[in-house]
Amino acid sequence: MRVTQNGNLLQLTWFPHFFPVNCYLVIEDNELTLIDAAMPFSVKGIVAAAAKLQKPITRIILTHAHGDHVGALDELKRQLPAAKVYISERDADLLRGDRTLRADEPQMPLKGSVPKNITTVPDVLLQEGGLIGSLQAISTPGHTPGSMSFMDQRSRALIAGDAYQTFRVTAVAGTIVPLFPFPAMATWHKESALASALKLAELSPAVLAAGHGNMLTEEPVQAMKLAIRQAQNSLNKGGR
Ligand SMILES: [Zn+2]
């Protein structure tokens, strides 16, 4: 596991060179917030990284309910029973293994690995604008119907889940990056993903921290705008 720190944000990465999977620890005054729960084998590394910081993980926030973001959830919750689990109201369905679309949603089939055997029940269902410590919840549907991103109000670091990827190139969810197409292949609805990507760029984050790829700390908005233009072009060409 690779650890990269940027201020109050720690990125933990597995397989950084060929299939990077990230989760994040957000350092608060007396505690830690974990964003995403990576893969089942990630438990040890997450617990060790928190121990090094000498603060307890009191919250586990999920950007969305795909398998590579919730893999360690049940075991973490077993080891950290006091930690509260947060996910959007919408993706809480996916976390239970329910792939049913709602009547008011684009009727495109959900993609990606929706877990079938997670037993953890979320403690808090997130809404747009909700505050979790220093983090503000931002609704960013597209990759999944209930995907959420989180802006650290102190540093303007944006933890975007899979709304963007930064591995190989920075891309909006749904844009196929030939050398790393997996997040795109797991994206539910490209038009919504593009709208969410625009919403995030307009917030002018200082850091872009995605689910797959390194943190962007130099002019992330420029990379996001370029990614948005590429996503727009591909949608205009009828790419789905
Ligand atoms: Zn992912």
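The values are calculated or read from the model by the stated rules, or taken from the named source; none is laboratory data. Quick caveat, the model's predicted, so the values are computed rather than measured. Cβ sites come from the backbone with ideal geometry, for glycine too, and all protein chains shown count toward neighbours. In case anyone asks, the SASA skips ligands and DNA or RNA and just uses the protein heavy atoms, side chains included. Shrake-Rupley method; radii C 1.70, N 1.55, O 1.52, S 1.80 Å.
One table, with the values for the structure above:
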read-out: Matching residues in the stretch 153-169 - criterion: being surrounded by fewer than 24 Cβ atoms within 10 Å (Cβ to Cβ) and away from the ligand (no atom under 15 Å from the Cβ); value: GLN153, ARG154, SER155, ARG156, VAL169
read-out: Cβ-Cβ under 6 Å pairs, at least 6 apart or on other chains, the stretch 1-14 side of a type in the set (D, E, K, R), far side assigned to a loop (DSSP other than H, G, I, E, B); value: ARG2/PRO16
read-out: Checking THR187 against (1) polar (S, T, N, Q); (2) at pLDDT 95 or above; (3) surrounded by fewer than 22 Cβ atoms within 10 Å (Cβ to Cβ), the condition it does not meet; value: (3)
read-out: Within the stretch 66-81, considering residues that are more than 8 Å from the ligand (Cβ to nearest atom) and of a type in the set (D, E, K, R), the one farthest from the chain's Cα centre (by Cα); value: ARG78
read-out: Filter pass, SER147 being among the hydroxyl-bearing types (Ser, Thr, Tyr), within 13 Å of the ligand (Cβ to nearest atom) and in contact with a Ser or Thr (Cβ under 7 Å, 6 or more places away or on another chain); value: yes
read-out: Failed item in (1) among the hydrophobic types (A, V, I, L, M, F, W, C); (2) without any contact (Cβ under 8 Å) to a residue 12 or more places away in the chain; (3) away from the ligand (no atom under 16 Å from the Cβ), with ILE57 passing the rest; value: (2)
read-out: Residue check for ASN233: open to solvent by 10 Å² or more (accessible area, probe 1.4 Å) and in a loop (DSSP other than H, G, I, E, B); value: no
read-out: For THR144: the one exception among (1) assigned to a strand (DSSP E or B); (2) under 14 Å from the mean Cα position of the chain (by Cα); value: (1)
read-out: Residue match in the stretch 128-140 (condition: at pLDDT 95 or above, open to solvent by 10 Å² or more (accessible area, probe 1.4 Å), in a loop (DSSP other than H, G, I, E, B) and on the phi > 0 side of the Ramachandran plot); value: yes
read-out: Looking only at the stretch 207-229, and only at residues there that are more than 19 Å from LEU12 (Cα to Cα) and of a type in the set (Gly, Ala, Ser), the one that is surrounded by the fewest Cβ atoms within 10 Å (Cβ to Cβ); value: ALA223
read-out: Lone unmet requirement of (1) surrounded by 24 or more Cβ atoms within 10 Å (Cβ to Cβ); (2) part of a loop (DSSP other than H, G, I, E, B) for SER196; value: (2)
read-out: Residue among THR63, THR120, THR100 that is β-branched (Val, Ile, Thr), away from the ligand (no atom under 16 Å from the Cβ) and in contact with a strand residue (DSSP E or B) (Cβ under 7 Å, 6 or more places away or on another chain); value: THR120
read-out: Tally of residues being within 14 Å of the chain's Cα centre (by Cα) and not small (Gly, Ala, Ser) across the stretch 168-177; value: 1
read-out: Residues that are open to solvent by 20 Å² or more (accessible area, probe 1.4 Å) and closer than 25 Å to ALA184 by Cα, drawn from the stretch 111-126; value: LYS111, GLY112, SER113, LYS116, ASN117, ILE118
read-out: VAL177 being without any contact (Cβ under 8 Å) to a residue 24 or more places away in the chain, β-branched (Val, Ile, Thr), over 24 Å from GLU105 (Cβ atoms) and within 16 Å of the ligand (Cβ to nearest atom); value: yes
